[in-house]
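Peer 1: Pasting in a structure now, in structure tokens, and then I'll have a few things to ask.
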Amino acid sequence: MRRRLINFYADILFTLVAYAALTTPCLAHAPWATLQGGHYLVKRANDGDSFHVSIQGKEYIFRLYFVDAPETTSEFRDRVEEQAN
């Protein structure tokens with residue numbers, strides 16, 4: 001009886017997720033923008049996979065996803081040790 005109830009709820013969950021996936025419109029992607037005239041900003045939070053840039057007086061933070069660069073400080077000691085292994 002319990003297994004049948006679990007299967008019932010799993011079927012309902014699957015149906016709801018499938019319905020949401022099929023009825024959600026695909027979002028149109030904006031065209032790529034080329035930002036020119038930027039200057040690297042020296043910030044304490046800059047490291048190998050994120051950094052600050054100033055472009056036309058506005059500050060941007062760039063993060064490189066799927067890049068795991070070593071931390072530049074030992075502030076997060078457990079993270080530095082994890083990356084060393």
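The values are calculated or read from the model by the stated rules, or taken from the named source; none is laboratory data. None of these values were measured; they are calculated from a predicted model. A quick note on method: Cβ atoms are made from the backbone with ideal geometry, for glycine too, and the neighbour counts reach across all protein chains shown.
Peer 1: When you scan the stretch 15-37, how many residues do you find that are of a type in the set (Phe, Trp, Tyr) and in contact with a strand residue (DSSP E or B) (Cβ under 8 Å, 6 or more places away or on another chain)? Reasoning before the result, please.
Peer 2: Narrowing the stretch 15-37 to residues of a type in the set (Phe, Trp, Tyr): 19, 32.
Remaining after also requiring in contact with a strand residue (DSSP E or B) (Cβ under 8 Å, 6 or more places away or on another chain): none.
The total comes to 0.
Peer 1: Something else: Only residues in the stretch 51-67 that are in a loop (DSSP other than H, G, I, E, B) count as the first member; pair them with residues that are of a type in the set (Gly, Ala, Ser) and modelled with pLDDT of 90 or more, Cβ under 9 angstrom, at least 6 apart or cross-chain, and list the lot.
Peer 2: Hits for this filter: Gln56/Gly37; Gln56/Gly38.
Peer 1: Another question, then. Quick check, is Ser54 modelled with pLDDT of 85 or more and within 20 Å of the chain's Cα centre (by Cα)?
Peer 2: On the way: modelled with pLDDT of 85 or more: yes; within 20 Å of the chain's Cα centre (by Cα): no.
No: the conditions fail for Ser54.
Peer 1: Identify the residue in the stretch 22-50 that is at pLDDT 90 or above and either of a type in the set (A, V, I, L, M, F, W, C) or in contact with a Pro (Cβ under 6 Å, 6 or more places away or on another chain) (or both) and, among all such residues, is farthest from Arg79 (Cα to Cα).
Peer 2: So the residue we want is Leu41.
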